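Trainee: One structure, as structure tokens, below. Some questions next.
The values are calculated or read from the model by the stated rules, or taken from the named source; none is laboratory data. All values derive from a computational prediction rather than experimental measurement. Neighbour counts run over all protein chains shown; Cβ positions are idealised from the backbone, glycine included. Side chains included, ligands, DNA and RNA excluded: accessible areas come from the protein's heavy atoms. Shrake-Rupley method; radii C 1.70, N 1.55, O 1.52, S 1.80 Å.
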2 protein chains.
Amino acid sequence: MDEQSGTDRRPPSRRIADDLRASIRSGELASGAKLPSERELAGRYGTARNTAREAISILQGEGLVVAQHGRGVFVRPRTPLMRLGANRYSRQLRSETGLSPFRIEVTKQGRTPKTECRSVTRDKPPADVADRLGLDASTATVIRRENWYYADDEPVQVGVTYIPVDVAGESPLASERTLGKGSIYARFEDLGYRITRIREEISARMPYHEESTGLSMPPGVPVIEVLHTSIDEQHRAFEVTRFVMRGDLNGLDYEMPVED
Amino acid sequence: MDEQSGTDRRPPSRRIADDLRASIRSGELASGAKLPSERELAGRYGTARNTAREAISILQGEGLVVAQHGRGVFVRPRTPLMRLGANRYSRQLRSETGLSPFRIEVTKQGRTPKTECRSVTRDKPPADVADRLGLDASTATVIRRENWYYADDEPVQVGVTYIPVDVAGESPLASERTLGKGSIYARFEDLGYRITRIREEISARMPYHEESTGLSMPPGVPVIEVLHTSIDEQHRAFEVTRFVMRGDLNGLDYEMPVED
DNA sequence: CAGTGGTCTAGACCACGGA
DNA sequence: CCGTGGTCTAGACCACTGA
């Protein structure tokens, strides 16, 4: 009754990883369950501990398990994603609830939202941002606002907003960390920029080292990067925000018309 | 002139990884450049080879480098992303060019596109798909069409389309692998379903084991998953497609109105 | 062929968590 | 305190690449 019938060409580390993966998929190792310890696996398969460890590291890279120092290795529980939609920018939603869609989503999950503007500075825009704003990257200056988004004090997103100085002027957008009622898009409206269209460019990648520590991300979890551009009635791009979101906690949900 | 002034609490593997990462960022190790060999690094830092190897595996997990057996470890070149937009579904684009947006994007990059319908079967819908189609997951039957998308014979995307049997009927959608001129949405129009709105739910995750082999993905690269729903004038969801795309080759680009 | 990464061994010590 | 993962060593052999 040996599963591998003598001709298993997989190296032992793969075999252990495959077995564990199968157990996770079948539900035998349920979400949150503890895997056998490295030493236990090594003994069971007759390998060195490092070999069992290598197997676990494969599963870590696939985002299937998380190791906790001193406790063990656990099947990574799949938390439901927050679903951020284009309605993030809806004026109606803004005025109805007085809450940002982020806060609504977090609250819906029974967690406590928090947002924090960490800095407001003047800076040169990154090349891609300058391009979206129609600015010259080498000469232009923008206001840079860095916002952090939390659920239960756990950071889940960062958003860096770039506003041309010509747009922000001496308004609160250019200097204040807190922007008052109706949040940032109300302030743009004060200045005569009313959002009518948005462009969102989405990509996925592994986090930079700073991001994975800043967002305290477990290994094997990618980020979603969204480069957002706000456009007004006169087709002016008046603001660009780069969102970086933990991929295990966030998702996007767009519904839109198909333009002929 | 020692950089670490005696009090470097980082383990050697981290230190090697940090140094290499810095070299990559600074451009000292350019895109595509070869890293020092594992043995070379071990010698240079006075560690065992495994320790240098561990450092490289950290960078692999971050998607910064790729190892090639027998050749060396290289800085992963960042290929430009394909930018898939909502105009994928535009009738105008379809009729103007006769090409699918996928083919246009790949051609734009100087590569050769290929698409292939691998199978057409009848199946039970997955729960999330059934939900989007307004079907009962346990009783309903759908047509399942599996499509693979290639650039220069390299697979870059998979799309699995689900169509309720009531919609597909006995049309080519229900059985033919090739759908003829104007592609799939033209066939839906033949049946009276004209796409007017779409919903796209986007997430990012590490590939399943089958996906990473099927799409021959290097380690440290996530996938983008898009659950797409097509909606017609009468608000009927008539088709759902789940796209799984290599995150290092694909991006999404939406422009849409903000609905009040 | 020499040089590279891929895998493995059998130990060792440390740091953390929980009883 | 013990059991866990985190890190490291100093070897070894294999498989692949390219001259």
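Trainee: Counting only protein heavy atoms and rolling a 1.4 Å probe, how much accessible area do B and A lose on contact, total for both sides, in Å² to 100?
Mentor: On the way: alone 14780 and 14820 Å², together 25600 Å².
Accessible area lost upon association: around 4000 Å².
Trainee: Continuing with the same structure: Calculate how large, on average over all directions, the projected area of the Cα convex hull of chain A is; give the answer in nm² to one decimal.
Mentor: Values: hull surface 76.8 nm².
If I average the Cα hull's projected area over directions, I get 19.2 nm².
Trainee: Just to confirm the numbers: B:GLN234, label point 7 angstrom along the Cα-Cβ line, distances to the other copies in nm, shortest first?
Mentor: So the label point of B:GLN234 gives 4.5 nm to the other copies.
Trainee: Let me ask something else. Residues in segment A:180-216 near a label at A:ASP128, defined as backbone nitrogen under 17 Å from the 7 Å Cα→Cβ point?
Mentor: Answer for segment A:180-216: A:199-212.
Trainee: If you roll a 1.4 angstrom probe over the protein chains with everything in place, what fraction of the accessible area of chain B belongs to carbon and sulfur, to the nearest %?
Mentor: Numbers: 6180 of 12780 Å².
Of the solvent-accessible surface of chain B, carbon and sulfur hold 48 percent.
Trainee: Output wanted: per-residue J couplings in Hz (rounded whole) for segment B:100-110, from phi through Karplus 6.51 cos²θ - 1.76 cosθ + 1.60, θ = phi - 60°, x for Gly and Pro.
Mentor: 6, x, 4, 5, 4, 4, 5, 4, 4, 8, x
Trainee: Sticking with this one: Under 9 Å from the Cβ of B:ALA86, count the other residues' Cβ atoms, weight Lys and Arg +1, Asp and Glu -1, and hand me the total. Write out the running numbers ahead of the final one.
Mentor: Numbers: positive: B:ARG88; negative: A:GLU259, B:GLU200, B:ASP253, B:GLU255.
Summing Lys and Arg as +1 and Asp and Glu as -1 gives -3.
Trainee: Please report the net charge: other residues with Cβ closer than 9 Å to the Cβ of A:ILE143, K and R +1, D and E -1. Walk me through the numbers before you get to the answer.
Mentor: Working: positive: A:ARG122, A:ARG144, A:ARG145; negative: A:ASP123.
Spelling it out: positives minus negatives among the neighbours equals +2.
Trainee: So how far, in whole Å, is the C-alpha centre of segment A:64-85 from the one of segment B:45-70?
Mentor: 25
Trainee: I've got another one for you. Excluding ligands, DNA and RNA, what is the solvent-accessible area per residue of the protein assembly as shown at a probe of 1.4 Å, expressed in Å²? Don't skip to the end; give the middle numbers.
Mentor: Details: 25600 Å² over 520 residues.
I get 49 Å² per residue for the protein assembly as shown.
Trainee: Summing -39500 (n - 2.57) over the DSSP H runs of n ≥ 4 in chain A and dividing by its residue number, what mean residue ellipticity at 222 nm do you reach, to the nearest 500 deg cm²/dmol? Provide the component values of the computation, followed by the final result.
Mentor: Values: 9 runs with 76 residues, N = 260.
That calculation yields -8000 deg cm²/dmol at 222 nm.
Trainee: Describe numerically, in nm with one decimal, the distance between label points set 7 Å from Cα along Cα→Cβ at B:THR178 and at B:GLN68.
Mentor: Placing both labels 7 Å along Cα→Cβ, they lie 3.6 nm apart.
Trainee: R0 = 22 Å: FRET efficiency of A:SER216 with B:ALA48, Cβ-based, nearest 0.05? List each step's numbers first, then the result.
Mentor: Numbers: r = 30 Å, r/R0 = 1.37.
The pair A:SER216/B:ALA48 has a calculated efficiency of 0.15.
Trainee: Residue by residue through segment B:125-133, what is 3J(HN,Hα) from phi via Karplus (6.51 cos²θ - 1.76 cosθ + 1.60, θ = phi - 60°)? Round to whole Hz and write x for glycine and proline.
Mentor: Result, rounded to whole Hz: x, x, 4, 5, 5, 4, 4, 5, 8.
Trainee: What list of ³J(HN,Hα) couplings, whole Hz, do you get for segment A:41-58 from phi and the Karplus terms 6.51, -1.76, 1.60, once you set θ to phi - 60° and write x for glycine and proline?
Mentor: 4, 4, x, 4, 9, x, 10, 6, 4, 4, 5, 4, 4, 4, 4, 5, 5, 4
Trainee: Right, something else. To the nearest whole number, what is the average tally of beta carbon atoms from other chains within 10 Å of the beta carbons of peptide A:208-214? Kindly include the intermediate steps, with their values, before the conclusion.
Mentor: Numbers: counts 5, 9, 0, 0, 2, 0, 0.
Per residue, the average neighbour count from other chains is 2.
Trainee: Over chain B, what is the relative contact order in whole percent, taking alpha-carbon pairs under 8 Å and six or more residues apart?
Mentor: Relative contact order, chain B: 17 percent.
Trainee: Copy-to-copy spacing for A:LYS34, label 7 Å out on the Cα-to-C-beta vector, in nm, shortest first?
Mentor: The projected label point of A:LYS34 is separated from its counterparts by 4.8 nm.
Trainee: Nearest 0.05, what FRET efficiency do A:GLU189 and B:CYS117 give at R0 = 60 Å with Cβ-Cβ as r?
Mentor: Given R0 = 60 Å and the Cβ-Cβ separation, E is 0.80.
Trainee: Moving to a separate point now. Treating the angle as unsigned and between 0 and 90°, give the value, to the nearest 10°, between the Cα long axis of helix A:12-26 and the longest Cα principal axis of chain A.
Mentor: For A:12-26 against chain A, the angle is about 70 degrees.
Trainee: Could you state the number of Å between the C-alpha centres of segment B:109-172 and segment A:127-205?
Mentor: That distance is 39 Å.
Trainee: Relative to the other copies, what are the label-point distances for A:GLY169, with labels 7 Å from Cα along the C-beta vector, expressed in nm at one decimal and sorted shortest first?
Mentor: Here the equivalent label points are 6.0 nm apart from this one.
Trainee: Provide, for q = 0.13 Å⁻¹, the log10 of I(q)/I(0) from a solvent-free Debye sum over equal Cα point scatterers in the protein assembly as shown.
Mentor: Each listed q corresponds, in turn, to -1.49.
Trainee: Ignoring GluC sites (Glu not before Pro) that are buried or in helix or strand per DSSP, and keeping those with at most 15 other beta carbon atoms within 10 Å, what is the longest stretch of chain A between them?
Mentor: Numbers: sites that count: A:GLU3, A:GLU28, A:GLU170, A:GLU176, A:GLU233, A:GLU259.
Result, exposed sites excluded: A:29-169.
Trainee: Where Lys and Arg each count +1 and Asp and Glu each count -1, what net charge lies around A:THR47 among other residues with Cβ under 13 Å from its Cβ?
Mentor: On the way: positive: A:ARG10, A:ARG14, A:ARG15, A:ARG39, A:ARG44, A:ARG49, A:ARG53; negative: A:ASP19, A:GLU38, A:GLU40, A:GLU54.
Computed value for this residue: +3.
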